[in-house]
1. I'd like to verify a number: residues in the range 68-101 that are modelled with pLDDT of 95 or more and assigned to a loop (DSSP other than H, G, I, E, B), how many?
2. Given the conditions (1) under 19 Å from Val176 (Cβ atoms); (2) touching a Lys or Arg at 6+ places or on another chain (Cβ under 7 Å), which single one is not true for Ala148?
3. If the requirement is being under 16 Å from the mean Cα position of the chain (by Cα) and among the hydrophobic types (A, V, I, L, M, F, W, C), which of these qualifies: Val75, Val57, Val42?
4. Name the residues in the range 167-183 that are surrounded by fewer than 19 Cβ atoms within 10 Å (Cβ to Cβ), under 17 Å from Leu8 (Cβ atoms) and either touching a strand residue (DSSP E or B) at 6+ places or on another chain (Cβ under 7 Å) or not charged (D, E, K, R) (or both), would you?
5. Residues in the range 21-39 that are surrounded by fewer than 18 Cβ atoms within 10 Å (Cβ to Cβ) and in contact with a strand residue (DSSP E or B) (Cβ under 7 Å, 6 or more places away or on another chain): how many?
6. Which one of these does Val131 not meet: (1) touching a Ser or Thr at 6+ places or on another chain (Cβ under 9 Å); (2) under 27 Å from Ala165 (Cα atoms); (3) surrounded by fewer than 22 Cβ atoms within 10 Å (Cβ to Cβ)?
7. In the range 184-216, how many are surrounded by 10 or more Cβ atoms within 10 Å (Cβ to Cβ), part of a strand (DSSP E or B) and free of Cβ contacts under 8 Å to residues at least 40 places away in the same chain?
8. Can you tell me which of Ser121, Ser143 is more than 22 Å from Pro35 (Cβ to Cβ) and surrounded by 14 or more Cβ atoms within 10 Å (Cβ to Cβ)?
Amino acid sequence: MDITWYGLSCFRLIERGQTTVVTDPYSESIGLPIPNLKGDVVTVSHDEAGHNGINHVKNYEHILSGPGEYEIGGVFITGLAMHHIDNEQEIYRRNVSYLIKYPSDLTVLHLGDLSHIPDQSTIEGLGEVHVALVPVGGGNTLSAAMAAEVIALIEPNYIVPMHYAMEGLNLQLDTVDKFLKAMGVSRVQEDETLRVLSSSLPEQPEVVVLLPQIGD
């Protein structure tokens, strides 16, 4: 499986001969150039310009924007309600995370705009997660310290940070360095694409910082 990042929370998941999934495509209003995206399935974590730019994805056949269980072309996708609810402050922010399982048994968890630590039953319900795509830049999402805590609970093989400050982005977010410090990572692996093979998963959780393929 190849995972490519296009900025903010937008990724493309490709496995040869299988359904291609695009997550949280964004609109130009967030300040980033629009990439050339093609995919069979588009997932949308919530209805905001940084996450719902489905009109910028070509050739898609399915849009997933809510909780539920879906099977598309042999790929199992589970939409998980992980909304932010604060009754005391009367705050409600919708967020749907997606657990994506390919026929090779590789599982990717896209946490969307998660902003809280999920409870134990939610974590246990995820099962084995090979790749976690985790918001780390604060704002309306997890802070660096909270993201590190969520990762410790999920225990994925690979951790890919997303939704953090980058050149051109007009959202006020923390840099990825703050997250790396919270994780105790001094030397980080940077790649244009993360290639995940079920036969060679790292035994210890590995943080991979992807370089945004903007304009591709």
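The values are calculated or read from the model by the stated rules, or taken from the named source; none is laboratory data. As the structure is a prediction and not an experimental result, all values here were calculated from the model. Every residue, glycine as well, gets a Cβ built from its backbone with ideal geometry; the counts of neighbours run over all protein chains shown.
1. The qualifying residues number 0.
2. (2)
3. Residue meeting the stated conditions: Val42.
4. Gly168, Asn170, Leu171, Gln172, Thr175
5. So the answer is 1.
6. Every listed condition holds for Val131 apart from (3).
7. Total meeting the criteria: 2.
8. Working: Ser121 fails: surrounded by 14 or more Cβ atoms within 10 Å (Cβ to Cβ).
After ruling out the rest, the residue left standing is Ser143.
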